[in-house]
Amino acid sequence: AADDVDVDVEDAGVEDEELIRELEAEEEARVGDGGDDQAKGKPKRNTWVNPYDGQPEPESYPGGPIEKNLLCDYGKIPHIARCIYDGHDRELISIVSNAGKREKVHADLHALDWWFPALEATGMHGLAQTGYRFLDAGLLSTFVERWHGETSSFHMPSGEMTITLDDVSCLLHIPIEGCMLDHEAAPSKELGAKLMMDLLGSSATKAAEEVKKTKGAHCRFVYLRELIDAYIKVTKQAEKDNDAATLEKYKDYIVRAYLLLLVGTTIFSNKAKNYVDLKYLKYF
């Protein structure tokens, strides 16, 4: 059997807001890392300041909800719709296109005879075909302005509109049957490192380095891509050596690493733009 593969990876994101901004700048400067192409070369905006700080909450909101007991966040956060109505423009939202971060491994994976049947067996092959490199910031901002988390619905001129399981099935092409996912609190760094060792085949040293660099139980996209690239070489050698045990072991590692990369760049993406939480790894 082949030895566990040790992979060196470059520095990337963390949760801290200030460090995230620094990493975004690095990502914009990095060529070919699949970052947000639309953001390259754009000047950074100043941090938004709440224009209602220190002001008493009004009895009602002109142009907004009359009953404040349900849509509580409209005035407290405040909701972006309130800011726009009062003339406090928060500009367009900052959008991120993660499609390029998966494209780097697609070509190598699709060249493997066993890859598509293995991916199809997970039920996530449809999600792998979604994603956009170019996004309409104006359209997305319009939907954000009309979204209310308290009701999980968009408040449109024609009435309320929400997202159904049928929408999820048709748009994301993922299964909507089975057990509900249990998103518990983020695991500790130690547990995150153990998940990487047990389910991704990472060495103890590399797993510890990963959670240290990301300051939490997270895994960077660049690290996952490096793992996949390294493991593909191991599976090819195992096929030549007729080593079935090693082949199956590393095929499982590749599928898990790809699925974690997939959900981290689609349905479970976050504002850091370059890592995914390891709590999702248990689903694979």
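The values are calculated or read from the model by the stated rules, or taken from the named source; none is laboratory data. Keep in mind it's a predicted model, so treat the numbers as computed, not measured. Every residue, glycine among them, receives a Cβ derived from its backbone with ideal geometry; neighbour counts consider all protein chains shown. Heavy atoms of the whole protein, side chains included, go into the accessibility calculation; ligands, DNA and RNA do not. Shrake-Rupley method; radii C 1.70, N 1.55, O 1.52, S 1.80 Å.
Observations on the structure shown:
- Long-range neighbours under 9 Å by Cβ, at least six apart or interchain, first residue over 20 Å from residue 202 (Cα atoms) within segment 229-244, second modelled with pLDDT of 95 or more and charged (D, E, K, R): none
- Being assigned to a loop (DSSP other than H, G, I, E, B), at pLDDT 90 or above and surrounded by fewer than 16 Cβ atoms within 10 Å (Cβ to Cβ) is not true of residue 182.
- Of all residues in segment 163-175, those satisfying the criterion of being without any contact (Cβ under 8 Å) to a residue 12 or more places away in the chain and either open to solvent by less than 70 Å² (accessible area, probe 1.4 Å) or within 18 Å of the chain's Cα centre (by Cα) (or both) are 164, 167, 168, 169.
- Listed by position, the helices (runs of 4 or more DSSP H) inside segment 47-133 whose residues that are assigned by the TED database to the domain that holds residue 152, among the aromatic types (Phe, Trp, Tyr) and in contact with a Pro (Cβ under 8 Å, 6 or more places away or on another chain) number at least 1 are 73-76, 80-85.
- Among (1) within 22 Å of residue 265 (Cα to Cα); (2) out of contact with any strand residue (DSSP E or B) (no Cβ under 7 Å at 6 or more places or on another chain), the one test that residue 157 misses: (1)
- Candidates 271, 206, 233, 279: the one that is assigned to a helix (DSSP H, G or I), assigned by the TED database to the domain that holds residue 110, under 23 Å from residue 103 (Cβ atoms) and open to solvent by 20 Å² or more (accessible area, probe 1.4 Å) is 233.
- Residue 215 meets all of the listed conditions (1) surrounded by fewer than 23 Cβ atoms within 10 Å (Cβ to Cβ); (2) in contact with a strand residue (DSSP E or B) (Cβ under 9 Å, 6 or more places away or on another chain); (3) not in a helix (DSSP H, G or I) but one, namely (2).
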